[in-house]
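As structure tokens, the structure follows; a few thoughts come after it.
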Amino acid sequence: QVQLVESGGGLVQVGGSLRLSCAASGSIFRINAMGWYRQAPGKQRELVATITSGGSTNYADSVKGRFTISRDNAKNTVYLQMNSLNPEDTAVYYCNADIISSSGLYYYTKDYWGQGTQVTVSS
């Protein structure tokens with residue numbers, strides 16, 4: 001089995017910064033894309049940023065220029081550096097990873113989610 005464990009959320013004032021981390025562990029052969037999503041109260045979960053195994057990134061328009069996604073493949077970890085935070089960034093942030101595992105003689109791909117970490121930006 002595979003687990004994604006997030007850390008780094010918390011309470012921050014407007015204009016502040018936070019860095020989220022998400023470490024994958026377990027039966028991992030290779031990790032493809034990794035990403036961060038968020039869900040604010042009463043809203044649907046939305047994409048924040050993704051990063052491929054090769055390092056190509058994609059951002060939601062609302063976070064471009066403020067957030068930076070990165071990964072350490074040796075540590076199976078993805079990061080989200082969040083700067084210039086504003087109240088609209090308040091949400092539960094979820095880590096996502098597309099992971100290839102091996103079971104006996106075959107490989108399989110599965111999409112995994114972390115448990116979520118709360119980010120609250122106070123004005």
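Assorted remarks:
- Rounded to the nearest whole Hz, the Karplus-based 3J(HN,Hα) values (6.51 cos²θ - 1.76 cosθ + 1.60, θ = phi - 60°) of the range 43-52 follow the sequence 10, 7, 5, 10, 6, 9, 6, 9, 9, 7, with x at glycine and proline.
- Annotation: lysines with alpha-carbon distance below 27 angstrom to LYS64 (same-chain offsets under eight excluded): LYS43, LYS75.
- Cα-based equivalent ellipsoid, the chain: semi-axes from gyration tensor eigenvalues, Å: 27, 14, 12
- The chain - percent of accessible surface contributed by carbon and sulfur, probe 1.4 Å: 48 percent
- Couplings 3J(HN,Hα) for the range 27-41, derived from phi with the Karplus relation 6.51 cos²θ - 1.76 cosθ + 1.60 (θ = phi - 60°), are 7, 10, 8, 7, 10, 7, 6, 10, x, 10, 10, 9, 9, 8, x Hz, where x marks Gly and Pro.
- Per residue accessible area of the chain, 1.4 Å probe, in Å²: 53 Å²
The values are calculated or read from the model by the stated rules, or taken from the named source; none is laboratory data. All values derive from a computational prediction rather than experimental measurement. Accessible surface is based on the protein model in full, side chains and every heavy atom, while ligands, DNA and RNA are left aside. Shrake-Rupley method; radii C 1.70, N 1.55, O 1.52, S 1.80 Å.
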